[in-house]
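FYI, it's all coordinate maths here, none of it is from the lab. A quick note: this is a predicted structure, and the numbers were derived from the prediction, not measured. Virtual Cβ from ideal backbone geometry, glycine too; neighbours counted across all protein chains shown.
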Amino acid sequence: MTAHEHASAGLDAWQVAAAIIGALAVALYLGAARRLRRRGDAWSWRRAACFTAGGLSLVAAATLEPPGGPFTAHMARHLVAGMAAPLLMALGRPLTLALRALRPGATRRGLLAVAHSPPVSWLVFPPTAAVLDLGGLWLLYRTPLFAAAQERPWLHAAVHVHVVAAGFLLAFSVCQLDPLRRRWSLPWRAATLLAAGAAHAVLAKTLYATPPPGTGFAVPDLRTGAQLMYYGGDLVELGLAAVLAVQWYAVSSSRPAGAGTARSLPPGRSPAWPRA
């Protein structure tokens, strides 16, 4: 077998595992939502639809072609698995659902303890999440890492896991729809989203001009992939901005008439969100 055939064969098992994880996440979510409804509690079908679409998107991205394919196909997988799916699953509020579906006990207390732990609090600090996400992408595309990942299945899998995990951190930290130990203010999250969007756009422009080191993609394929990254990233970032705009409107409309300009909040504090 050639090196590429070895890479493809080695990745097949990982692709199957990733698809199973995505499908399992959807099944667990829908099972928890059904459990709530059986108890007589309401759970929005829109949230369930968003999470299901995100989970199935992960399954689709995991089963796309292995390393060595066109750059455009790789970039489509990045947009789906690292940006669109995390946003859709964040809109599904999985932590909120899990806490409501679990009965009081050790499991629920353990989940809440992890969600409120200091390490998780700092991971979902918006600038930290943005650095992990965008910093990882700059490292991937502007160093020989991308070329190396095309030849080593384990490295490709590790890169894919990082892209997905960092995308989730950024989406959850910007949206902050689930109960967290610390809610960062809207200005913090909006500024982070603007900075992350700018870094993503600049990276896409550099890829339009120069391929990742050590690769030999055809110029039309490279430019199409870079344009997909640029415009597709804009669409997902607009979705994140829409979530922030809805929250900003909800907070503004909840102020008493004649209250005037709201007092600015220190970093790490934000007004209570209205119940969804």
Q: Go through the range 90-105 residue by residue and turn each phi into a ³J(HN,Hα) via Karplus (6.51, -1.76, 1.60, θ = phi - 60°); whole Hz please, and just put x for glycine and proline.
A: 5, 5, x, 6, x, 5, 4, 4, 4, 5, 6, 7, 6, 6, x, x
Q.
Just to confirm my numbers, what's the Cα centroid distance between the range 112-147 and the range 231-253 in Å?
A. 21
(Q) Assuming 0.36 nm per residue, please report the length gained on full extension of the stretch A23 to A250 beyond their Cα-Cα distance. (A) 78.4 nm
Q) Per the Kirkwood treatment, what hydrodynamic radius in Å, one decimal, follows for the range 75-135 from the mean inverse distance over all distinct Cα pairs? A) 13.5
Q.
Compute the angle between helix 3-38 and the longest alpha-carbon principal axis of the chain, please, reported from 0 to 90 degrees and rounded to the nearest 10.
A. 20
Q) How high is the relative contact order of the chain, in percent, with contacts defined as C-alpha pairs under 8 Å that are six or more residues apart? A) 23
Q: Starting from the eigenvalues of the Cα gyration tensor, five times each then square-rooted, give me the equivalent ellipsoid semi-axes of the chain, largest first, whole Å.
A: 35, 24, 15
Q. How would you order 99-106, 168-175, 119-126 from highest to lowest mean count of nearby Cβ atoms within 10 Å?
A. 168-175, 119-126, 99-106
Q) Applying 1/(1 + (r/R0)^6) with R0 = 22 Å to the Cβ-Cβ distance of V161 and L111, what FRET efficiency is obtained, to the nearest 0.05? A) 0.50
Q) Any idea what the alpha-carbon Rg over 2.2 N^0.38 Å comes to for the range 17-125? A) 1.23
Q: Could I get the Rg over Rh figure for the range 182-255? Both from C-alpha atoms, Rh via Kirkwood, rounded to two places.
A: 1.18
Q | Acute angle (nearest 10 degrees) that the helix 186-209 long axis makes with the longest principal axis of the chain, alpha-carbon atoms | A | 10
Q: Enter the angle in degrees (range 0 to 90, nearest 10) between the Cα long axis of helix 153-175 and the first principal axis of the Cα atoms of the chain, meaning the one along which they spread out most.
A: 30
